[in-house]
1. Could you list, in sequence order, the residues of the range 138-173 that are in a strand (DSSP E or B) and at pLDDT 90 or above?
2. Could you list all residues from the range 31-55 that are open to solvent by less than 10 Å² (accessible area, probe 1.4 Å), at pLDDT 90 or above and part of a helix (DSSP H, G or I)?
3. Just give me the residues in the range 82-107 being part of a loop (DSSP other than H, G, I, E, B), polar (S, T, N, Q) and at pLDDT 85 or above, in sequence order.
4. Give me the pairs, please: first residue somewhere in the range 18-33 and within 12 Å of residue 79 (Cβ to Cβ), second residue anywhere and open to solvent by 50 Å² or more (accessible area, probe 1.4 Å) and of a type in the set (D, E, K, R), beta-carbon distance under 9 Å, and either six or more positions apart or on two chains.
5. (1) at pLDDT 80 or above; (2) over 18 Å from residue 142 (Cβ atoms); (3) crowded, with 17+ Cβ neighbours inside 10 Å: which one isn't true of residue 58, the others all being true?
6. Would you please list the contacts, defined by Cβ atoms under 9 Å and residues six or more apart or on different chains, that run from a residue in the range 181-201 that is basic (Lys, Arg) to a residue that is open to solvent by 70 Å² or more (accessible area, probe 1.4 Å)?
7. Show the residue pairs that are 6+ apart or on different chains and have beta-carbon atoms under 9 Å apart, the first residue being within the range 84-108 and on the phi > 0 side of the Ramachandran plot, the second being at pLDDT below 85 and open to solvent by less than 30 Å² (accessible area, probe 1.4 Å).
8. Under 6 Å by Cβ, and 6 or more places apart or on different chains, what pairs join a residue from the range 208-236 that is farther than 21 Å from residue 169 by Cα and of a type in the set (A, V, I, L, M) with one that is open to solvent by 40 Å² or more (accessible area, probe 1.4 Å) and outside any loop (DSSP other than H, G, I, E, B)?
Amino acid sequence: MLSLDLPKNASSPELGRTSQILIVEDEDLIREMIVLALEEEGFEVVTAADGRTALTFLQGECPATVDFPFDLIILDLMLPQVNGLDLCRLLRYQGNPVPILILSAKATETDRVLGLEVGADDYLTKPFSMRELIARCRALLRRQRLGGLPQVPVLQFKDVTLYPQECRVIVRGEQVNLSPKEFRLLDLFMSYPRRVWSRDQLIDQIWGPDFVGDSKTVDVHIRWLREKLERDPSQPEYVITVRGFGYRFG
């Protein structure tokens, strides 16, 4: 059972304007309890009981602009019609940086790693306390806002332009859609042009020191990145293999 352990209603000066949260949860009781808890804390809440309804909220919105209506998405995985993993993949494929908190009864390490790999920012397993849920929501919203404060310069190399704050990449005048890992790889490469990175260094920078998996995942993501950047991925001009060492950009 859920623990409806609600904190006292508190102001949130660090959050500024009222944040709007989309809850995608098919269990009525859980959804209603989350709505109650978040509204008690002053958040605006929109709900969807299945993946297809959530998709109608999310599709048609421009993912790379401030016009996207939600500041945070709380997402169950086991949804009718369209599952949570597919929704998460879609948003990240579109380049949408909105924070996603997965809420799921799937509690194995494999499930958590998969959820984070497809682009979620946090993962909370059921049963959970409302106090912890609200704390995690506040942390994600705060991280999103604080992360946008510094004026990060636009990065450009030849025909590739990367806008860090907009999570947007232009290649030869056309916008390309990168997954979160692809975007972070390109951001790292373009921030240190011509520096050679080993697979282990890239895993530490992009996937983090707690990554569980094969280092060849780097090669897979490099291949995907080349397919989106290069005129001829078999003869790359941007992401270059340095045999015996790793990869460099330019």
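1. 160, 161, 162, 169, 170, 171
2. 34, 37, 38 - these are the residues of the range 31-55 that are open to solvent by less than 10 Å² (accessible area, probe 1.4 Å), at pLDDT 90 or above and part of a helix (DSSP H, G or I).
3. 83
4. none
5. If we test residue 58 against (1) at pLDDT 80 or above; (2) over 18 Å from residue 142 (Cβ atoms); (3) crowded, with 17+ Cβ neighbours inside 10 Å, just (1) comes out false.
6. From residues that are basic (Lys, Arg), the pairs are 181/224; 184/205; 199/216.
7. If the second residue must be at pLDDT below 85 and open to solvent by less than 30 Å² (accessible area, probe 1.4 Å), the pairs left are 95/63; 95/64.
8. Qualifying pairs under 6 Å: 212/113.
The values are calculated or read from the model by the stated rules, or taken from the named source; none is laboratory data. Treat the numbers as computed from the prediction; the structure is a model and nothing was measured. Heads up, the Cβs are rebuilt from the backbone with ideal geometry, glycines too, and the neighbour counts pull from every protein chain shown. Ligands, DNA and RNA are stripped out before the accessible areas are found, and what is left, the full protein with its side chains, is counted by its heavy atoms. Shrake-Rupley method; radii C 1.70, N 1.55, O 1.52, S 1.80 Å.
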